[in-house]
Each structure stands twice: as C-alpha cells, then as structure tokens.
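Here's the structure, in structure tokens; my notes come after.
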Amino acid sequence: MKPAPFVHHAPRSVADAVAVLAEVGHDGKVLAGGQSLIPILNMRLASPAHLVDINQVAGLADVTVSDTEVRVGALVRHAQLEHHDEAYAALPLLRQALVNVAHPVIRNRGTTVGSIAHADAAGEMPAMLALTDGVVEAVSASASREIAVADFFEGALETSLTPEELAVAVRFRRFAAGTGTSFMERARRHGDYAMAGVAAAVRTSDGLIADARLSFVSVTDVPRSLDVTEVFAGQEPESVDWSAAADLVHAAIEPEGDIHATAEYRAMLAVELARLTLAQAARRSVAAHQVARDTEGPAA
Amino acid sequence: MTTSMFGAPIQRKEDPRLVTGGGRYLDDMGHRALAAAFVRSPHAHARIVDIDVTDAFEVDGLVGIWTHEDLPGKVGEPLPLLIPHPTLTHGRTQFALARDEVNYVGEAIVMVVARDRYIAEDVCQRIRVDYELLTPVVGIANARDGSALVHEDVPGNVACRMLQEVGDVDAAIAAAPHTLELELDIERSACMPMEGKGVLARWDTDKGELRIFSSTQTSTGVRAAVAAKLDLPLAKVECIAPDVGGGFGVKINHPWPEEVLIPWAARLLEQEVKWTEDRREHFISSAHERGQLQEIKVGFDEQGRILALDVKFWHDNGAYTPYGIIVPIITSTQLLGPYKPGAYRCEFWSLYTNTVLVTPYRGAGRPQGCFAMERTMDAIAEYLGIDRTEVRSRNFILPEEMPYDHGLLFQDGRPLKYDSGDFPASMAKLKALVGWDDFAAYREQAEAEGRRVGLGIGCYVEGTGVGPYEGGHIQIETSGRVNVSTGLTSQGQGHETSFAQIVAQELGVPIGDVFVTTGDTRRMPYAVGTFASRAAVMSGNAIALAARNVRAKALRIAADALEVSAEDLEIVDGIVQVKGAPGTRMSLGTVSVMSNPLRYAFDDAAKAATQFAGSNDPNKPPVADDDEPGLEGKDFYSPTQATFANGMHAAIVETDPVTAEIRVLRYCVIHDCGNMINPMIVEGQVHGGVAQGVGGALYERMVYDESGQLLNASFMDFLMPYASEVPHIETDHLETPSPLNPLGIKGAGEAGCIPVTAVIASAISDAEGFAITSMPISPVELWELRQRHARGEIPSLARPRHTSTSPGSAPVPPVQEAR
Ligand SMILES: Cc1cc2nc3c(=O)[nH]c(=O)nc-3n(C[C@H](O)[C@H](O)[C@H](O)COP(=O)(O)OP(=O)(O)OC[C@H]3O[C@@H](n4cnc5c(N)ncnc54)[C@H](O)[C@@H]3O)c2cc1C
C-alpha cells in the first residue's frame, strides 16, 4: 500500500503547471485533493512517473457567481462549495448533491473539479454538471478551450481532457427562474458511493409543468441529462403521476450489477428516485414561485 | 472506605492519552528499522513452480529476499497447531513462507527486507512467481461436496468431525408431538481492528537477546512460540504488546508467519526489522470467521417445550487450522443459550476451503449458535401460534436449577455448567424496555401510515473467563505509587481503569495512585492472553487476590510499627490508620519504606529504613526467614470452569416497502455479567459489540468469487457500519453475581455482538411475514426474497400477522434522524 516512485512537482502558477504537463505528457498526473488519486497510487493501480501537484497554484480557489453561472475553480474543495451561501442561493442543487459526496473529512480535501475530471460514473458532481449543462475550462501550454459537458465525458473514468491539459474551472449553468431541484441517492452506508442517485430539475410556469429534466449517478457510464418534459408538460404538479417517466428512465440508464446491488435493483432505485425527486423538485418550483410572488423579487 | 471504587462508572484513565495522540502503537516505533514486505499468492490454490528474483536485485535499498528454501530448521517447519483436539484428525498449518503449494489468496511466499517499505514493495513488484493452478475449493457447499480437495491428504476436506449427544435424540424426536426442520446459512465476516497486525524486532548481538514488539493479544504466547522457533532460551526473548488498536480475536492466534520471520530476519541481519500490516494484507492474510451452514431438526410439545434438538452444521475453517476447532466447538455448546432441551445432539464438520483461515472473532462461534437456536425458537412460536417470548420462557433454565450442568464439554475441556443467571427476570426487563406487549398496536398504527415494521428478539448465554490462569503483581513504591502488572494484553478495553478500580478498592488507595501495565513479559512472564471475555474475570480476580496479599503485609508491618493489632487497622486514601482513632497512622509509602531494610539512604524518606535509624532487634535478620523485602504481592487465579454471562436483545426494524432498505428503529439490550467493576466500561463494551453485530447482520460479508478471489478486500467495499448505521442502543442491566470467583464477576467483552444477527433476522421476518434464514441480509437480497415470496417460493409465516392485543397504547419509538 505504498506508491511506486514518482517525481513531485509543485508549480505556483497555471503557466508553470501546464508547462510541466506539456513536458511529462502521458507520464504525468494532476494531483488535486488526492482523495481519488492517492488510493489509486497506494494500491499501485496506477504509477505515473510525475505528479503535478496543483495545491500551491495561485488563483484556482474561487467560487464566482454570476447571473447565469456558478464558476468553481480547480482548488475549490467540495466543502467550500457546499457551504458557499451565494452559490447555494444561485443553484441550490449544488449543496443538495454535495452533502452526499463522501464524508466531511473527504469533502474538506477533495475538489469538485477533481471529481469531474476523475469522471467516476458514481460521482455526484459529474451528474450535476450534466443536469446544469455545464462547461469545463481547460488550459494547456499551447491553448485554452471550453468543453461543453456533452463533449467532456467519454466513458467511465474517461474524459476529453488531454494529458497536457489542466481543468482550471468548471461552470454550472443556473436554471431559469422558478425552477425547483432535488437530489436523492441510495447508498449502502451513509456517504458511500451511491447504488443509484437521481437529480431532478422541474420548472413550472403559470401553475403548470413547463420543463422537467433528470440526470443520474451510478446507473449510466457517462453522465447525461434526460429531458422528460414531454411526459409531464402542461400538467398540474399536484396531480401528476410522477412515475410516468419510468419508461424513459429505463431507456436512458444502463446499470451494472456489482457486489452491492444487482443491475435490476439499481434500475428499480433509479425509477423510484426519479419519481421522488421529480415530485420534490416540482414542489420546490411551486414554492419558488410563491416566494417570488410574496417578495416580488427574483426566484432562486 | 470513603467512596467505593468497585462498581463506580468512572471515566477511563487511558482515554485522554489515547484520544489526544499519546498512544504508542506498533507503527509509532522503530522509525529507523528496516522494513519488510511480502509477495503473497494471487491464486487461491496453486503449486509454486518457480520464483524468479533476478529483476529485483537491482533495486537500490534492497537488503534481502527470502523464500521457503532459505528458512533454516524450525523456521522452515509448519507453524504450530495451537489447540490440538482428539477429533481434529486432520489439522493442518501453513509454513511461514509457502513451501510448494499455496492455499489461499494472500498466503505469503517471499519476504523482502529493504531500507523502507516503499522500496520493499518496489522489490515485491519485480519478483515473478510461476504457478501451476489447482482447483480452488470455495464455499462450504463445494468443500462438503469434496470432489476437489484443499489438501491432497485430507479426504472430503474434513479437518474434524465431532459429535456430542445428551439423551436419546432419535427416540425423543420420534416421540415428539411436533417437529420442524430448518436450514440456515451465515456468512463470513472479520474482526477488522483499526490497527492491523505488526511486528518490530530488535536483536542485541552482544547479549544474544531478542526483543519483540507485537500488536498481539498474547505477548507470552508470542514469546514462547518465537523462542521455540528460533531455538533461543526463553530468558533471551522478551515480548511487549505496545498500545494495540483493537484485536477482537484475530491477534490471539500466534505466531503469525510475520511474528516468526521478522525476529528471525532481525537476528540474521543484526538490525531492527519491522513489518506493519496494511489493510489489504489484513483482509487477505489474517483471519475471518462466522461462515456456517446449519441443519436443525427440533421436536416439541404443545407448549412449545423442546423435547429434542438435533443440529448438524458445516463450519468453514479456511485453508488451515492453527487455532484448532475452538470456533465450532463453541457454536455447538453455546447454541443452547438459556434453554434446556430434553435431548440434544450436535454433529459438526469443520471443512477446509481455499480461503483465508478462520480463527475466533468476537463472539467466536456464538453468533452462529445463537442464530440457530433463536431461529428455531421463532419457528416453534410461529408454528404453535404462541408469543415468541412465551416459547422462550417455557424453555428457560430457572434460577433454582442453577448451577445447571448440560452434560457437555465446553471449549476449555471442562463441563458446560452454568453457574448463575436469572433468565425470567432478564426477559421481564427486556419486554418492559422494548414495550413488547404494546408492539402490535404500534405496528397497526405504522401500517396505517404505509410503513412496514417488525419486532425481533434473541437470547444468549456466554461462557466467559476460561482458564487456565492469569496472574497479578502489585508493588507499592515508597512514594505511595502502586504498580500493578498482569500478563494479558490490552486492545482498548480500559484495563488501566477497571484493574485500577479493583486495586483502589482492595487496598484503599486513591485510583490516581494506581498504574497498570499489561502484556509485558518483562513484568509478568506467566500469562495466557486476552480472549474469550476473560480479562476481568481472570486478571481482575488475580489482581484482587494479589492486592489482598499486599494489604495483609502492609497491615502487618504497620501494626508492628504502630504497636497495635492488625485487625484494628484500616487503609483509607492510602493511609494506614487505627479504626476510630485516625490520628495513629502512617502512609502506605512509609510502610513501603519500612518493608525494605536499606543500607543506603537515597532520599529523606529512605533514611527511616537504614541500619542505624531505628530500634533494630539484633537477634533477628532484617528480613525474616518467611518474608521478602518490599511491599509487594503476587497471586494467580485459576478457576475450575468458565463463568456464564447472559443477555437478551430486542429490536424494532422498519423495511422500505419499495426499496427494501432496512432501518433499525430501536435496539434494546438486557445484559447480565454479574457484578460490574465499571458499568460505563461494560456499557461501552456492549455498544461496541452491538455495532459489530449490526455489521454482521446487515453490512459485512467476505465476497469470494468461485476462483477464490476476495472481491471486497478494502473498506470501500467491505461495509463496516459507520456511526450513521449503528442504532441508538438502549441498555439495562441485571447483576447476578458469579459464585465462582472472589469478585463475583463475569466477562462482558463479546456479549454485545452475539445475538444481533438472530435479533435482526427475527425482526425482519416479523416485518415481512416470511422467515429469514440466511444472514447477513442486504436491501437487494430482501428485495429479491420479496419477489420469491410473491411467486410462492417462500412460504408466508403461518401466524396471522396483524393481531392487536392492546389497542390504543401504541408507543412511538424514537425514530432516528432520516438520512
Ligand atoms: C472514502 C471516500 C469516499 C468517497 N465517496 C465519494 C462519493 O460518495 N461521491 C463522490 O463523488 N466522490 C467520492 N469520493 C471521491 C472524492 O469526491 C474525490 O475528492 C474526488 O473524486 C476527486 O477529487 P480530488 O480533488 O480528490 O482529486 P484527485 O484525487 O487529486 O484526482 C482525481 C483524478 O482527477 C485528476 N484531476 C484532478 N484535478 C484535476 C484538474 N484540475 N485537471 C485535470 N485533472 C485533474 C487527477 O489527475 C486524477 O486522475 C470519495 C473518496 C473517498 C476517499
């Protein structure tokens, strides 16, 4: 349980970091919070010759909230984002999901960007990037680019980031006013990777459902957003049968069995959680309109 | 005596040190030591064809590589079989390094010693072992089938077949008005102490002396075993257990391969060598427990009284049997719990499989036995339509029947004879605590809300404090400091506190003056070890006896000095004084000064003991012929048999109607371990035990695939319950003293975990309306059982489920925070 030898680089700037990455190429790995990478190294499941430790890099630790987005720098720890009140007000979904990411001690170290770069289908935050139709900002020694979520995740633990690239931030897009969100998951133990998790965003307009979307944790290879608006559009949130999306959910997921849960069980969970999260998101949407009416201010 | 220390719920003396980083565990020592790492078998069953180390030699920092070939003399012989038994006809133990065959994934093949552990692991990675694969035997069913063999020379994979019978079971079954048959299955789990094993050895070349530090539950055992292996005089070997971060049984087995190899390497290299087990090694090369298949036939009358109980079980002992067949023997005897079946027969087969070996884990065979008995009790209740507590009560051994001899031999080779216990009283307390009689109303209310709840129960008796003996040594310094030593070891049980309480009580000294040392062969070379809930009973009583000796000596010396009779003296707060006239007094420290005639005064107090200080009688030697210098005493406690503690648990569970998730809403414990030295420590032991029990019931299992790979050898996938999974535990105690020992105490260490699996199975069965026969159980498994039940493959419980006896008085259990 000790890693193989590696060279430790501790750049102070993004420019230095990507310069090292350009030099070491496939032999290098970015080290952020280390909550996924260090166990992999210790078990010698990977033995990169170079670690580019970005923990000293300046300018990556900020959460910035704009009218349209929440931008999260590469050194923002899960806990920092979880407790960021402005981010919560702008996009409650983030906190709703983050409290399910492992345990507080792990959230104190692990980064949200690292979690997305790691692209574990069982991670919560990749699914949040999908549901918010977010963007990854990547920088290399030669170029900078923005990668839309649809182009980012390529498979389990696979992304379109090249070995020379550093993800410097991700941007979660805010939902339209009056959208309610919900996240629920079922894990064997509190804080474990989920057997299945579902995020829902529902927007009501004039008391009727206008938009409904889902994304999934642990039951798809690649996090994607599933639009289920067609099933519910125009219905009243109080009387709608939220299990009506079951067929769409079944078609969208590809759960695999493991020692903790069979594929069938995970599928059942995904369907059940879709029902529960859609209902809760809709209730929150209705409540958001209520608050907006009461205060005549903008809805969350 | 001002305050009574015995029985006081005082906080643990060791905790401030342990919880503020002051503990000194094995890996906190030996920072300059060379480090060992092992190449372990990736195959469950294979012949070793070739070991190629050529690539490994170039690694900078490598010190040495050894395979079985290199091990001289006894070091290269199989490890000892610690507990032989006449029925263990095919006992097998492993070599410290595998010779030509490996029998489980994780068996050590090559030892590497290097400058540090990183380098040692680099070297391991470069060593290539060629194997010829053999058919692996995984799972009890395959082992029992016997078509493939773990050990070529062990037919049918049977290490041992044992049969004990009291009465004529066949005749009693034939005559019984009713019979039932059950088939049960219980899975493997493991101790999983927070600290794994570890060994540090120092060889003193000049003196030819070996000092071993081991994270062990028996330092005297390791010392004797290593001395024998290395052909060293016992006098030249010391073994010390430093702070040990949990044991739960796995560290009582010894010597582990590493406990032989590390000292051997230290002597060979004349350098300090250390090995610290990592978690993966702990999973695949320490020990597991629990796995059994059981078949039960029971005959009973209209009242539910058991006339005959016929039990067969198959026990998975893994690849080797270094600890003998203690676990299945305990299952077969402790299965009886608080009950007295008319006739009883138990036959078991202990079987080899190509998996990690099986040695005792907290509970040590009892959870399996309790599961068998308690599932049977529920089945009888169900069949006759009688309340589950009623059926149990009708089978209880009554207080007036104590001592009760079952006519069987227990794990210590002595009669299974209960010394005391009041089972009806325990049951009454449990029913009151959980609100047994009001549950039907509570269930009705819950079901009206669309919730599914169930109530479960389980009773057990636990033989604790087995011999052969332990010792206690007490010495009072001239400062009044009381040094206490006992040879068994501590893994977090609070011995520094509970043993100190006994001494404070017996001697009449402040507890702050008492300092306890355990597990150091330099301080107490005669000892057995910490296991079988025996520390308090064995060392506690030995220490009490030693304290009584010291007290008698102190009173004799003080009586002489104060010119009074010893009977007129008492000791209060470390001061010996005349009863009723406390002005006439001297401190125990002063008594200590006087107990040791001195030539040299090393400080002011010591002057009083020098040759020109007092009125010496020139006709007597300074130390009398029948006396010894020093205020010091030693004694041993060796009982004729174990003392039997007992307990009863009940739980209310809720199962999710859709997802089949299982939540324990309430967990209630009645516990009787005789007189309690420290109720707070007892409570802590019970809590910890229940937590491990919940793990065994709902979360933990060792998932082997058919090739013998352990698929969940990490804390990511082996699901120990977190604090968030352990229910709030409600406890109440009964104190039925043991008549067998001076302090009237019984063991408490294992108690909490014993009935949990049975209790949870009982509660889930009650919630679901069909019997749970296989544990542990996960949501997925319950979900699948529901589907089978719906298809008619699993019968519904016969008793109508929704009967309400006392409507209107539904107690609402304190539901835990939903997550
Ligand atoms: C016990 C435990 C339980 C956990 N449970 C959960 C859980 O329930 N849900 C969950 O989502 N996660 C869980 N995690 C993982 C945790 O969330 C990690 O923090 C996260 O997955 C990775 O973030 P990190 O900063 O630690 O990344 P690291 O471990 O440092 O890196 C992970 C990978 O991402 C790459 N990487 C990191 N940052 C960048 C970057 N800026 N640019 C390019 N590549 C980068 C690394 O090279 C590496 O390949 C758990 C971890 C542990 C130890």
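The values are calculated or read from the model by the stated rules, or taken from the named source; none is laboratory data. The structure presented is a predicted model; accordingly, all values stated were derived computationally and were not measured. When we count neighbours, we look across all protein chains shown, and the Cβ atoms used for this are built from the backbone with ideal geometry, even at glycine. The protein model used for the area step is the full one, side chains on, heavy atoms only, and it has no ligands, DNA or RNA in it. Shrake-Rupley method; radii C 1.70, N 1.55, O 1.52, S 1.80 Å.
With q set to 0.15, 0.18, 0.19 Å⁻¹, the log10 of I(q)/I(0) for region B:1-91, from the Debye formula over equal scatterers at the Cα positions, is -0.97, -1.10, -1.14.
Taking every protein chain into account, the 1.4 Å probe leaves A:Lys29 with about 100 Å² of accessible area, to the nearest ten.
The orientation-averaged projected area of the convex hull spanned by the Cα atoms of region B:467-637 comes to 10.8 nm². First check a/c for region B:646-693, with a ≥ b ≥ c the square roots of the eigenvalues of its C-alpha gyration tensor; if it is under 1.5, answer rounded, and if not, answer prolate when a/b is larger than b/c or oblate otherwise. Prolate, since a/c reaches 1.5 and a/b exceeds b/c.
Could you work out the relative contact order of region A:63-173? I mean the mean sequence separation of Cα pairs under 8 Å and 6+ apart, divided by the number of residues, in percent.
29 percent.
Computed from protein heavy atoms with a 1.4 Å probe, the total accessible area buried between A and B is close to 2500 Å². Defining a contact as two alpha carbons under 8 Å apart and six or more residues distant in sequence, what relative contact order in percent does region A:7-53 show? Reported as a whole number, the value is 57 percent. Convex hull volume of the Cα atoms of chain B, normalised per residue: 188 Å³. The packing ranking of peptides A:11-18, B:537-544, highest mean first, is B:537-544, A:11-18, where packing means the average number of other beta carbon atoms within 10 angstrom of each residue. With every protein chain in place and a 1.4 angstrom probe, the accessible-area ranking of A:Asp192, B:Asp635, largest first, reads B:Asp635, A:Asp192. Eigenvalues of the alpha-carbon gyration tensor of region B:1-154, scaled by 5 and square-rooted, set the equivalent ellipsoid semi-axes at 38, 29, 14 angstrom, largest first.
Report summary: the helix-based calculation at 222 nm, which adds -39500 (n - 2.57) for every DSSP H run with n ≥ 4 and divides by the residues of chain A, gives -9500 deg cm²/dmol. Calculated accessible area for region B:1-134 comes out at 49 Å² per residue, all protein chains present (probe 1.4 Å; ligands, DNA, RNA ignored).
Reported to the nearest whole Å, the Cα centre-to-centre distance from region A:1-58 to region B:583-641 is 67.
Taking each DSSP H run with n ≥ 4 as -39500 (n - 2.57) and averaging over every residue of chain B yields -7500 deg cm²/dmol at 222 nm.
Mean partner shielding of peptide B:777-785, defined as the number of other chain Cβ atoms within 10 Å of each residue Cβ, is 4.
A 1.4 Å probe, protein heavy atoms only, puts the accessible area of B:Asp27 near 80 Å².
Net length available on complete extension from B:Glu77 to B:Ser724 is 228.3 nm, with 0.36 nm assigned per residue and the Cα-Cα distance removed. Convex hull volume of the Cα atoms of region A:179-295, normalised per residue: 96 Å³. Inter-part distance, region B:102-150 to region B:209-235, computed on C-alpha centroids, equals 26 Å.
Principal axis analysis of the Cα atoms in region A:63-173 yields extents of 36, 29, 23 Å, listed in decreasing size. Working from Cα pairs under 8 Å separated by at least six residues, relative contact order for chain B is 15 percent. When the scattering of region B:564-718 is computed by the Debye formula from its Cα atoms alone, each counted once and equally, what is log10 I(q)/I(0) at q = 0.11, 0.14 Å⁻¹? Values returned for q = 0.11, 0.14 Å⁻¹ are -0.77, -0.96. Percent of accessible area on the protein assembly as shown owned by carbon and sulfur, 1.4 Å probe? Here it works out to 51 percent. What's the whole-number percent of alpha carbon pairs in region A:7-53 lying beyond 17 angstrom? More than 17 Å apart: 29 percent of the Cα pairs in region A:7-53.
Just order B:679-687, B:34-42 by mean Cβ neighbour count inside 10 Å, highest at the front, would you?
Packing proxy ranking, top to bottom: B:34-42, B:679-687.
When the Cα atoms of region A:1-155 are enclosed in a convex hull and the volume is divided per residue, what value in Å³ results?
Cα convex hull per residue, to the nearest whole number: 117 Å³.
One compactness figure for region B:638-797 is 1.22, namely its Cα radius of gyration divided by 2.2 N^0.38 Å.
Only one residue of B:Gly689, B:Cys668, B:Gln641 has its Cα farthest out toward the positive end of the dipole of region B:619-769, where Lys and Arg carry +1 and Asp and Glu -1 on Cβ, and that residue is B:Cys668.
At the listed q of 0.06, 0.10 Å⁻¹, the Debye profile of the protein assembly as shown, built from one uniform point per Cα, gives log10 I(q)/I(0) equal to -0.57, -1.36. Based on protein heavy atoms only, region A:63-173 ends up with 37 Å² per residue of surface accessible to a 1.4 Å probe. For chain A, the spread of Cα coordinates along the three principal axes comes to 61, 45, 32 Å, biggest extent given first. Taken per residue, the accessible surface of region B:455-509 reaches 17 Å², heavy atoms only and a 1.4 Å probe.
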